[in-house]
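Peer 1: Here you go, one structure.
The values are calculated or read from the model by the stated rules, or taken from the named source; none is laboratory data. Source: prediction; values computed, not measured. Every residue, glycine as well, gets a Cβ built from its backbone with ideal geometry; the counts of neighbours run over all protein chains shown.
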């Protein structure tokens, strides 16, 4: 069973726009955290001064008013996700050029509405707009798609909807929200010798995402400053809710909760909503006072982002998928079993609110980290007989993606703590196509088509692995 985007409640989706509950607590009830606001989309209508097609007696003002009423309904339907501005009626190339030059920096995208034929001269200056651009045209309006489809083919961040069904705009409203989310998010990267790197700079150039580089010392100081009694109380609650505790001691669980609180404090200080840490090396060297697996699980469930192993590409993938779907993503190490046409997804951390941020949580056991049998990790029993999407930015310009059907949880001493089997169309083909490092981000639901749409509007290539 696939859970589409519509299965996520408005409250859950609002929460996913960047850890609403936690961000409100950290940054204030009226939080102005930039990643939490709606996308700002500027509308512009195109019509020649004397229409011929679709009809020489076309009432352009009436036509525009009809589309504006449709868009008002779309905006209301997606309240908190998108906010339309403008509404210029452009009728000459010069007016189109003035519109393009007048766009402000707060605009996340432009929605072009074609009302008549003969608008190629107006579209030419709009081709130079830097922000993602979406054409919306009803049947019998004009031929602007000839120009705009060429834009997309040539690599401009552009896509188009030619449809009599206003509902076809729905996924694009959340794509615009995803664009806003990425360009206003801040990712913290903690690793040995951490500092600005080419990968972070490339993602900033592509999506506008900011990066910060705190140290292990910053995490340790935040851990030491955390409230021990508060952490102990929350650790007891977390333990009580678990199916069982296998290896960790009460002290280790409390320390993991203290690290979680410390990480939230660092996020608050840095005004960030995402963090990825070289956890394996950091813990082994003694740079980390505890494993952050518990912290990542709680953060991802809440709509923030905690990601393993200083993996910037997977962090950006989680931002992309969670902000669009309203569901938490989590990193896995894919394990192939070609004899059964299966891929097992394994990791020592997992989200639990699989169907939506702030939603029902899956059962979990509290375990140690498998590779050294130390600290605290999470073994989650995930929902089965459902489709999952697995994806990763290979580069800021390329996303690899596939789907699979979850057919069972795995409880085995071999491999990371959370493990579940997925059946795929052709495991051997996927293995032969595998590239870009080990990790993949898993999220519940089938999002192949929306990610294709995101790729065209956001300027990245989508590679199907399966």
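Peer 1: Spot the failing condition for residue 288; the list is (1) crowded, with 24+ Cβ neighbours inside 10 Å; (2) modelled with pLDDT of 95 or more; (3) in a loop (DSSP other than H, G, I, E, B), and only one is missed.
Peer 2: (1)
Peer 1: Here's a follow-up. Among (1) part of a helix (DSSP H, G or I); (2) over 20 Å from residue 161 (Cα atoms); (3) in contact with a strand residue (DSSP E or B) (Cβ under 7 Å, 6 or more places away or on another chain), where does residue 64 come up short?
Peer 2: If we test residue 64 against (1) part of a helix (DSSP H, G or I); (2) over 20 Å from residue 161 (Cα atoms); (3) in contact with a strand residue (DSSP E or B) (Cβ under 7 Å, 6 or more places away or on another chain), just (2) comes out false.
Peer 1: A further question on this structure: Only one of 376, 349 is under 24 Å from the mean Cα position of the chain (by Cα) and closer than 30 Å to residue 281 by Cβ; which?
Peer 2: Values: 376 fails: under 24 Å from the mean Cα position of the chain (by Cα).
Testing whether each residue is under 24 Å from the mean Cα position of the chain (by Cα) and closer than 30 Å to residue 281 by Cβ leaves just 349.
Peer 1: Does the range 188-209 hold any residues that are touching a helix residue (DSSP H, G or I) at 6+ places or on another chain (Cβ under 7 Å) and either closer than 15 Å to residue 276 by Cβ or part of a loop (DSSP other than H, G, I, E, B) (or both), and which are they?
Peer 2: So the first thing to find is which residues in the range 188-209 are touching a helix residue (DSSP H, G or I) at 6+ places or on another chain (Cβ under 7 Å), and the list is 188-190, 192, 199-200, 203, 207-209.
Selection gives 188, 189, 190, 192, 199, 200, 203, 208, 209.
Peer 1: Another question, then. Which condition from (1) out of contact with any strand residue (DSSP E or B) (no Cβ under 6 Å at 6 or more places or on another chain); (2) within 24 Å of residue 39 (Cβ to Cβ) is the one that residue 429 breaks?
Peer 2: It fails just one condition, (2).
Peer 1: Here's a follow-up. Could you grab me the full set of residues in the range 175-202 that are buried (at least 23 other Cβ atoms within 10 Å of the Cβ) and either within 23 Å of residue 327 (Cβ to Cβ) or without any contact (Cβ under 8 Å) to a residue 60 or more places away in the chain (or both)? Steps first, please.
Peer 2: We begin by selecting, within the range 175-202, every residue buried (at least 23 other Cβ atoms within 10 Å of the Cβ); these are 175-181, 185, 187-190.
Of everything in the range 175-202, those that are buried (at least 23 other Cβ atoms within 10 Å of the Cβ) and either within 23 Å of residue 327 (Cβ to Cβ) or without any contact (Cβ under 8 Å) to a residue 60 or more places away in the chain (or both) turn out to be 175, 176, 177, 178, 179, 180, 181, 185, 187, 188.
Peer 1: Scan the range 413-435 for residues that are outside any strand (DSSP E or B) and under 22 Å from residue 296 (Cβ atoms) and jot them down. Even if it seems obvious, please write down each step before you answer.
Peer 2: Going residue by residue through the range 413-435, those that are outside any strand (DSSP E or B) are 413-417, 424-435.
Hits for the range 413-435 are 415, 416, 417.
Peer 1: Against the condition out of contact with any strand residue (DSSP E or B) (no Cβ under 8 Å at 6 or more places or on another chain) and closer than 16 Å to residue 156 by Cβ, how does residue 94 come out, does it pass?
Peer 2: Values: out of contact with any strand residue (DSSP E or B) (no Cβ under 8 Å at 6 or more places or on another chain): yes; closer than 16 Å to residue 156 by Cβ: no.
Judged against the criteria, residue 94 is not a match.
Peer 1: Among the residues of the range 147-154, is there at least one that is surrounded by fewer than 20 Cβ atoms within 10 Å (Cβ to Cβ), in contact (Cβ under 8 Å) with a residue 60 or more places away in the chain, within 31 Å of the chain's Cα centre (by Cα) and assigned to a helix (DSSP H, G or I)?
Peer 2: Yes, the conditions are met somewhere in the range 147-154.
Peer 1: Within the range 234-283, take every residue that is touching a strand residue (DSSP E or B) at 6+ places or on another chain (Cβ under 9 Å), within 28 Å of residue 183 (Cα to Cα) and assigned to a helix (DSSP H, G or I) and give me the one that is modelled with the lowest pLDDT.
Peer 2: Here the answer is 279.
Peer 1: Quick test of your reading of the structure: residue 405 fulfils all but one of (1) without any contact (Cβ under 8 Å) to a residue 24 or more places away in the chain; (2) surrounded by fewer than 18 Cβ atoms within 10 Å (Cβ to Cβ). Name the failing condition by number.
Peer 2: Single failed check for residue 405: (2).
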